[in-house]
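Data block below; observations after.
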Number of protein chains: 2
Amino acid sequence: MLSRTSQYALRSVLFIAENSHARRKVGVGEVAKALDIPKYYLAKILRKLAVGGLIRSSKGPGGGYYLDSEDFEHALIAIIEIVDGPDSLKKCALGLNTCSSEHPCPIHFYIGPFRDSLLQSLSEITVGDALQQLKEENVFIANLLTADEKKKENGRPDERH
Amino acid sequence: MLSRTSQYALRSVLFIAENSHARRKVGVGEVAKALDIPKYYLAKILRKLAVGGLIRSSKGPGGGYYLDSEDFEHALIAIIEIVDGPDSLKKCALGLNTCSSEHPCPIHFYIGPFRDSLLQSLSEITVGDALQQLKEENVFIANLLTADEKKKENGRPDERH
DNA sequence: TTATTAAAGGACTGAGAAGTCTTTTTTTTG
DNA sequence: CAAAAAAAAGACTTCTCAGTCCTTTAATAA
């Protein structure tokens with residue numbers, strides 16, 4: 001559905017939203033470890049988001065990424081558009097570049113309404129809204145560890161990040 | 001949304017549905033040219049679909065691909081599942097493999113309904129249904145040519161396929 | 001002001017999807 | 001039966017997305 005990159009981006013923004021403020025910033029390594037995302041790849045994504053104005057960053061000791069109060073107002077779709085490019089979700093389901101309501105593909109009117117509603121939702125839901133969800137009991141943003149992985153986690157501290 | 005491969009697959013099945021019957025079969029080259037899909041790549045896709053039982057094929061002179069009457073009853077989702085694998089549309093929007101209604105991601109309940117409805121539709125719409133659409137005025141399955149491409153098309157017969 | 005910390009930037013690698021080409025097999029028809 | 005037509009099969013290439021690593025820049029703090 002979404003590219004892996006925008007999945008990483010959405011989860012990271014929510015993690016940063018939950019764990020930072022102007023005086024308590026989070027580093028790439030921290031996000032990468034918590035969400036099990038490749039660190040250096042994540043660094044690129046966060047840079048894009050910062051350049052795009054969706055998150056803030058500061059360098060140097062005590063630096064890292066954080067959200068300002070206004071940043072909670074951004075719609076989730078903005079995150080997707082920044083990393084995957086605009087219109088990445090608006091394309092014809094059959095990949096036809098000349099598809100439109102006047103010149104539709106055979107499934108245009110079957111698929112269109114759902115796509116539009118989804119787009120509408122993603123345009124309305126803000127980072128703040130999603131963060132509210134995340135604060136609920138049993139709502140999460142990282143994969144659960146399997147029994148196997150838990151064992152490893154204890155036996156040998158994670159060196160991947 | 002869908003992989004390019006399943007887009008090719010859906011369009012091809014509809015083209016074959018429209019242009020074939022047991023005594024009038026269509027070849028890969030014909031489909032490839034009509035829909036502007038790379039010929040040899042399409043050949044692989046059609047083979048998968050034939051092995052999967054969604055379309056029929058026969059070798060030799062006069063051979064090619066075609067649909068039997070029963071084949072019109074297949075749901076569109078079957079085509080997607082054959083080429084992209086099952087569940088390709090059922091994954092968590094944030095890519096979490098442990099996401100479920102009991103253990104949801106922050107956008108699970110925002111996104112879920114649309115994904116489910118879409119899946120429902122794709123499971124209900126048959127090849128025959130989509131073919132009906134295709135027979136409507138102004139419903140199409142190939143990209144329109146731009147003015148530029150039309151010029152080329154006339155000047156030098158298309159040798160790509 | 002120097003050392004340290006963390007992001008920024010850029011070069012490189014790897015995996016999987018997409019695309020190309022050649023040979024083999026099957027079927028039909030003269 | 002021989003020739004031709006078309007799919008089947010498989011090897012190979014290319015491209016894009018994802019992932020890795022190394023160097024530079026900026027900010028902080030001792």
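None of the figures in this text is laboratory data; all of them are computed from the coordinates on show. Bear in mind the structure is a predicted one, so any value in this text is a computation, not a measurement. So basically every Cβ, Gly included, is an ideal-geometry build from the backbone, and we count neighbours across all protein chains shown.
By counting other Cβ atoms within 10 Å of each Cβ, how are A:GLU124, A:GLU30 ranked from fewest to most? Let's see the in-between values first.
Details: A:GLU124 12, A:GLU30 18.
Ranking A:GLU124, A:GLU30 by Cβ neighbours within 10 Å, fewest first, gives A:GLU124, A:GLU30.
Sorted from fewest to most neighbouring beta carbons within 10 Å, what does the list B:ARG56, B:ARG47 look like? List each step's numbers first, then the result.
Values: B:ARG56 18, B:ARG47 14.
Listing B:ARG56, B:ARG47 from fewest to most nearby Cβ atoms yields B:ARG47, B:ARG56.
In nm to one decimal, list the spacings between the A:ARG24 label point and its equivalents in the other copies, with label points set 7 Å along Cα to Cβ, shortest first.
Nearest first, the other copies' label points are 7.2 nm away.
What is the diffusion coefficient of region B:1-90 in µm²/s, taking the Kirkwood radius over Cα pairs and the Stokes-Einstein relation at 20 °C with a viscosity of 1.002 mPa s? Write out the running numbers ahead of the final one.
Values: Rh = 13.0 Å.
Answer from the Stokes-Einstein relation: 165 µm²/s.
At A:TYR40, with labels set 7 Å past Cα in the Cβ direction, how many nm apart are the copies from this one, shortest first?
Result, one decimal in nm: 3.4.
Given the DSSP H assignment, sum -39500 (n - 2.57) over each helix run of at least 4 residues in chain B and divide by its residue total; what's the result at 222 nm in deg cm²/dmol, nearest 500? Write out the running numbers ahead of the final one.
Working: 7 runs with 80 residues, N = 161.
Calculated mean residue ellipticity at 222 nm is -15000 deg cm²/dmol.
Run the count for region A:4-155, please: Lys pairs, Cα-Cα under 22 angstrom, 8 or more apart or on different chains.
20
How big is the C-alpha Rg of the protein assembly as shown next to the rule-of-thumb value 2.2 N^0.38 Å, as a ratio? Don't skip to the answer; put the middle values down first.
On the way: Rg = 23.6 Å, N = 322, 2.2 N^0.38 = 19.7 Å.
Taking the Cα Rg and dividing by 2.2 N^0.38 Å, one obtains 1.20.
Fewest first, what order do B:SER20, B:SER6, B:SER100 take by the number of other Cβ atoms within 10 Å? Intermediate values should be presented prior to the final figure.
Working: B:SER20 20, B:SER6 25, B:SER100 11.
By the 10 Å Cβ count, ascending: B:SER100, B:SER20, B:SER6.
Please compute the average number of Cβ atoms from other chains found within 10 Å of each residue's Cβ in peptide B:7-18. If you can, show how the numbers build up before the last one.
Details: counts 7, 2, 1, 6, 5, 0, 0, 4, 0, 0, 0, 1.
Per-residue shielding by partner chains comes out at 2.
Return the average number of partner chain Cβ atoms within 10 angstrom of each residue Cβ along peptide B:79-92. Walk me through the numbers on the way to the answer.
On the way: counts 0, 0, 0, 0, 0, 0, 0, 0, 0, 1, 1, 1, 3, 4.
Mean number of neighbouring Cβ atoms from other chains: 1.
So for region A:27-154, considering every pair of alpha-carbon atoms, how many percent are separated by more than 26 Å? Walk me through the numbers on the way to the answer.
Details: 3332 of 8128 pairs.
Cα-Cα pairs in region A:27-154 separated by more than 26 Å: 41 percent.
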